[in-house]
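Step one of this worksheet: look at the structure below.
The values are calculated or read from the model by the stated rules, or taken from the named source; none is laboratory data. Values in this document were obtained by computation on a predicted structure and should not be read as measured data. A quick note on method: Cβ atoms are made from the backbone with ideal geometry, for glycine too, and the neighbour counts reach across all protein chains shown.
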Amino acid sequence: MKNKERRPARGKPARPGGKGPTGGKSPAMAAAKGGHGKTHEVVRRPTAKVASENSPAQADEPARKLQIRPGERPAEHVPLILESLGAGDFHLIDSGDGLKLEQYGPYRIIRPEAQALWPKALPSHVWDKADAVFTGDTDEDGMGRWRFTREALGETWPLSLLGVDFLGRFTAFRHVGVFPEQIAHWNWMKERIEGHGRPLKVLNLFGYTGVASLVAAAAGAEVTHVDASKKAIGWARENQALSRLERAPIRWICDDAMKFIQREERRGSRYDIILTDPPKFGRGPNGEVWQLFDHLPAMLDICREILAPKALGLVLTAYSIRASFYSIHELMRETMRGKGGIVESGELVIREAGLDGKTPGRALSTSLFSRWVPK
């Protein structure tokens, strides 16, 4: 299934070089049974077969049974707020009145932001100098268009974050090719890769335009990047060339994320760090449907199985869902029963940084996350 155009229902209609509708997610039919004193068992049926760049389409797999795992649940750290003030060519200038004003390299852009309930802090003449404004459907998953206030801008422009170069792009789903709130996770990952004594293996599911994959590879990891959108993979390869990482050990895999990790489980593949960033809803090229609340438990269960014995982390991010971070926090703790370690969950936020990029202002919440790490 295709990955969301972010998060244009990451079943995203293939973003112009972005994730398609299902963020490579596969649908699952779930049924639960159980009672007092009985094992709770959930049957998750994988999606219809989806062709992969690296392997032929396969017949549907038998239903996967999820059972409550033995052992204690991991310790917990909640709530944890991971904050980014900006990095490289990005910072949040101001927000308010349902909008946000951001700096992406040479361009100042305005996009809708429903959570910016407060009034704008900076005067209107600052906002009026924006180079591009996203107009049209203001729903997170809706399509629209960009209005250029002075002159038409090119479709793409160069950007840099954490030492990685990539292309920004004005897409029909308001996004520009990077989700800077993830800087907190990327810094965490980068530090662990660089501080380890051996090359780590990183799996990036629903990898979109590959910025996280390139950050990991530049730090010295062997990376497997999975996204169901051919356009997203193409964009990621462009970014790889721009970052001069053509020889970095990155596998670019265009496939349904669930199908891919099911094969990896059968093969006995193992990863030290897994990043998974699924959409809340999506449709695949063959009509497959991904529903976050229905299918996430099976995905995390498989991710646990393909973690290396001395893994360093499993990171889940969830966007645009009507839920508390506790919902994914408790799911992660149940998934990781008997594994030890600690589950850290909360929100990713970006703090306003003013025109100079150095003046802290209000914090804008962007997404929920849950992260398992060994103690």
Does region 291-323 hold any residues that are over 21 Å from Gln262 (Cα atoms) and without any contact (Cβ under 8 Å) to a residue 40 or more places away in the chain, and which are they?
Arg322
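Pick from region 334-373 the residues that are hydroxyl-bearing (Ser, Thr, Tyr) and out of contact with any Asp or Glu (no Cβ under 7 Å at 6 or more places or on another chain): which of them is surrounded by the fewest Cβ atoms within 10 Å (Cβ to Cβ)?
Thr359
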Do the conditions hold for Lys190, that is, is it without any contact (Cβ under 8 Å) to a residue 40 or more places away in the chain, under 23 Å from Trp235 (Cβ atoms) and of a type in the set (D, E, K, R)?
yes
Considering every residue within region 156-167, establish whether at least one is closer than 19 Å to Phe369 by Cβ, assigned to a strand (DSSP E or B) and modelled with pLDDT of 95 or more.
yes
Of the conditions (1) of a type in the set (A, V, I, L, M, F, W, C); (2) surrounded by 14 or more Cβ atoms within 10 Å (Cβ to Cβ); (3) out of contact with any helix residue (DSSP H, G or I) (no Cβ under 7 Å at 6 or more places or on another chain), Leu117 clears all except one; give me its number.
(2)
Log entry, pairs with first residue in region 92-110 being among the aromatic types (Phe, Trp, Tyr), second being assigned to a loop (DSSP other than H, G, I, E, B), beta carbons closer than 9 Å, six or more apart or on different chains, reads Tyr104/Asp89; Tyr104/Val176; Tyr104/Val178; Tyr107/Ala130; Tyr107/Asp131; Tyr107/Leu153; Tyr107/Val176
